[in-house]
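Below is one structure, written out as structure tokens, with a few remarks after it.
A short reminder: the numbers here are calculations on the coordinates, not readings from a lab. Nothing here was measured: the structure is a model prediction, and the numbers come from that model. Here the Cβ is made from the backbone with ideal geometry for all residues, glycine too, and neighbour counts use every protein chain on show.
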């Protein structure tokens with residue numbers, strides 16, 4: 001029961017903190033933001049790791065590996081594309097007006 | 001799971017969450033965002049390391065191989081994708097996240113019968129549903145965004161009911177699964193997954209291309225929630241925390257998008273069913289004060305011969321914005337459907353809004369006419385049912401009746417006691433003009449005279465419909481609409497004069513610019529203007545791209561200094577002191593109707609107030625309305641200079657002309 005309350009607390013805390021942090025992010029960066037949060041949602045990769053920490057049947061192994069591939073795709077792809085996008089946001093120090 | 005160092009573990013978990021929060025916090029400034037992204041990636045790597053350290057893995061090879069495959073695929077796609085494809089990429093990634101969530105929930109539920117508490121099981125079931133519907137919804141969204149699927153809303157009969165029934169079935173199954181004996185649960189789980197996938201599909205297919213930003217933001221939120229639910233079942237705080245954060249982010253973006261488009265979330269997801277295809281268009285057309293139409297009745301009155309009628313029809317067709325074609329069985333008898341399609345394609349290629357109004361009894365059995373037209377290769381999105389199209393007639397420039405009589409006979413609603421009184425008809429007589437390509441002007445099957453034929457604004461083209469249409473098509477193709485060249489030239493000169501004398505210029509990029517891949521030219525143009533001593537700013541509307549902030553990415557790709565990109569609220573007060581505004585491929589976001597006229601689909605939508613500037617130069621592909629279907633009154637403004645055509649080509653012409661001047 002304490003565990004359950006703790007989980008609910010973590011959920012609420014993260015949602016609220018996330019809400020306040022993210023509502024401050026300028027619209028300029030909304031696409032990279034979405035792509036990064038997408039990558040963060042690939043945190044489910046931890047779920048697969050936990051899945052594989054105990055003996056699994058063949059079916060579970062197959063399902064688990066599919067989930068792992070998907071989560072890894074999301075994770076690496078998401079952070080990589082976000083990085084690529086953000087590298088495009090340049091500030092010209094010389095010449096450009098402030 | 002045994003946790004001997006409970007407090008230590010908890011501490012480490014919070015450390016990881018802290019790093020993640022730091023990462024998001026760094027996202028608030030463009031120059032630190034890149035570091036923030038890497039910080040978040042680092043946080044997740046730490047989290048994975050932590051989990052591996054704590055629980056180890058029994059299947060290192062599976063983990064390693066899956067990791068390599070998934071990462072390689074993700075990395076490869078991320079390197080290969082172009083910036084304009086980002087929304088589709090995000091949608092597909094969303095889908096991948098959804099798959100991972102529901103598969104994990106599924107395995108945990110299968111295993112869990114013995115040790116899972118009812119609350120964990122409940123969240124597991126929610127994870128299953130949310131993950132599965134995110135998956136299918138994202139696939140549809142991704143397909144629509146990458147143009148692999150048709151972007152128009154696909155509306156099934158009783159769509160809202162299907163959605164409700166599907167949702168109810170999922171809820172019922174979740175409840176059943178909670179109480180079912182452990183042996184039979186697995187079937188319920190599979191059923192829940194299948195129904196949720198179906199739900200995702202029917203939920204997304206009716207959302208049109210214009211509303212995609214809302215849909216993918218929403219799906220972003222649901223992926224997060226799916227991950228959080230997943231975390232609830234395995235009691236992992238990191239999963240819950242990350243999932244909740246993503247959920248919050250997606251919710252905010254959804255709200256921002258809805259507000260920017262002046263849509264309620266509910267209306268995006270549950271469009272009005274009365275005129276399902278484009279309720280926007282009717283309203284839009286109401287606003288079109290079409291001066292051409294006022295003189296037209298005079299022309300039609302003194303009709304003398306077939307030939308002049310034909311000419312008049314061609315003239316009408318050329319001037320019309322919106323045409324509704326009403327095919328009747330007579331068309332099928334004359335085997336004229338192929339000519340009808342050719343004619344409609346011609347009109348469509350001229351940028352007209354063409355629709356087919358299908359009366360329920362237009363053919364010889366239910367849906368017959370649809371089959372006949374489909375055989376001739378019509379795009380079935382153009383086929384509209386009677387109830388859907390009837391409200392649109394009054395905003396239509398002309399209706400083309402081909403081999404139909406009773407179904408357009410106003411006597412059915414205007415006179416009592418005739419055999420057809422009370423029969424529902426297509427309200428062709430409400431359109432500004434009616435052209436009838438019938439064999440003769442005799443009554444139809446019912447034997448009731450058709451008063452429509454004698455109306456002043458009706459043009460009769462009697463004879464074989466097939467031949468009539470061929471003649472129409474020929475005349476329409478011959479006609480020289482090309483008076484554009486010289487006027488374009490002078491427009492360009494006017495634009496150059498305005499730009500070279502301007503002290504302050506604001507550039508408004510829209511999605512049309514991105515489609516024309518004109519961002520590089522636009523940025524070049526901006527730098528040329530700056531080299532002439534002009535102050536240049538970019539005004540970015542929140543829905544300028546296809547997802548939140550998309551336009552900024554596209555411009556960043558073209559190496560613009562992000563200091564020059566201004567948000568709507570920031571830049572709007574500046575327009576009145578601006579000498580010239582350059583619009584590239586944007587329409588709705590600068591449409592003054594949004595603030596000047598009540599009752600349009602965009603009324604109340606926040607816009608960039610470009611019309612406050614001294615000169616407005618519009619470099620759009622055409623002068624047609626945007627997604628909303630509302631005519632842009634800015635285009636008719638005397639201070640507006642229209643430079644129609646490909647935006648990249650226009651930008652190049654401007655660049656060349658400015659260079660020549662210096």
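Normalised by the number of residues in segment B:524-662, the average gap of Cα pairs under 8 Å and 6 or more apart makes the relative contact order 22 percent.
For segment B:527-584, the convex hull drawn through the C-alpha positions has a volume of 92 cubic angstrom per residue.
Among B:130, A:27, a tally of other beta-carbon atoms within 10 Å of each Cβ gives an order, fewest to most, of A:27, B:130. Stokes-Einstein diffusion coefficient for chain A at 25 °C in a medium of 0.890 mPa s, Rh from the Kirkwood formula over Cα pairs: what value in µm²/s? Estimated via Stokes-Einstein, D reaches 148 µm²/s. Between helix B:292-301 and chain B there is an angle of about 30 degrees, using the helix long axis and the longest principal axis of the Cα atoms. Partner shielding of B:537-548 amounts to 2, given as the average count of beta-carbon atoms from other chains within 10 Å of each residue beta-carbon.
One Cα centroid belongs to segment B:534-554, the other to segment A:1-30; the line between them spans 28 Å.
Eigenvalues of the alpha-carbon gyration tensor of segment B:67-190, scaled by 5 and square-rooted, set the equivalent ellipsoid semi-axes at 32, 22, 8 angstrom, largest first. Normalised by the number of residues in segment A:27-88, the mean separation of alpha-carbon contacts (under 8 Å, six or more apart) gives a relative contact order of 54 percent. Translational diffusion of the protein assembly as shown, estimated by Stokes-Einstein from the Kirkwood radius over alpha carbon pairs at 20 °C in a medium of 1.002 mPa s, is 75 µm² per second. Annotation for residue B:319 and residue B:194: the two label points, set 7 Å from Cα along the Cα-Cβ direction, are 5.9 nm apart.
Determine the relative contact order of chain B: mean sequence separation of Cα pairs under 8 Å and six or more apart, normalised by residue count, in whole percent. Reported as a whole number, the value is 10 percent. Sorting B:593, B:184, B:204, A:53 by the number of Cβ atoms found within 10 Å of their own Cβ, with the fewest placed first, yields B:184, A:53, B:593, B:204. Dividing the summed -39500 (n - 2.57) terms of all DSSP H runs of n ≥ 4 by the residue count of chain B sets its mean residue ellipticity at 222 nm at -18000 deg cm²/dmol. Compute the long axis of helix B:465-478 from its Cα atoms, compare it with the longest principal axis of the Cα atoms of chain B, and write down the angle in degrees, 0 to 90, nearest 10. Roughly 80 degrees between the two axes.
Averaged over the residues of B:52-59, the number of partner chain Cβ atoms lying within 10 Å of the residue Cβ comes to 5.
Relative to the longest principal axis of the Cα atoms of chain B, the long axis of helix B:337-349 makes an angle of roughly 70 degrees.
Here each label is just a point 7 Å from Cα along the line to Cβ, and for residue B:150 and residue B:80 those points are 2.9 nm apart. Considered as an equivalent ellipsoid built on the Cα gyration tensor, segment B:89-269 has semi-axes of 28, 19, 13 Å, the largest given first. Inter-label distance, residue B:494 to residue B:415: 5.2 nm, where each label sits 7 Å from its Cα along the C-beta direction.
Once all Cα-Cα distances of chain B are split into 10 Å bins that start at 0, what whole-number percent is in each one? Reading upward from the zero bin: 3, 13, 20, 20, 18, 14, 8, 3, 1, 0. What FRET efficiency, computed as 1/(1 + (r/R0)^6) with R0 = 51 Å and r the Cβ-Cβ distance, is obtained for residue B:333 and residue B:503, rounded to the nearest 0.05? Computed FRET efficiency for residue B:333 and residue B:503: 0.15.
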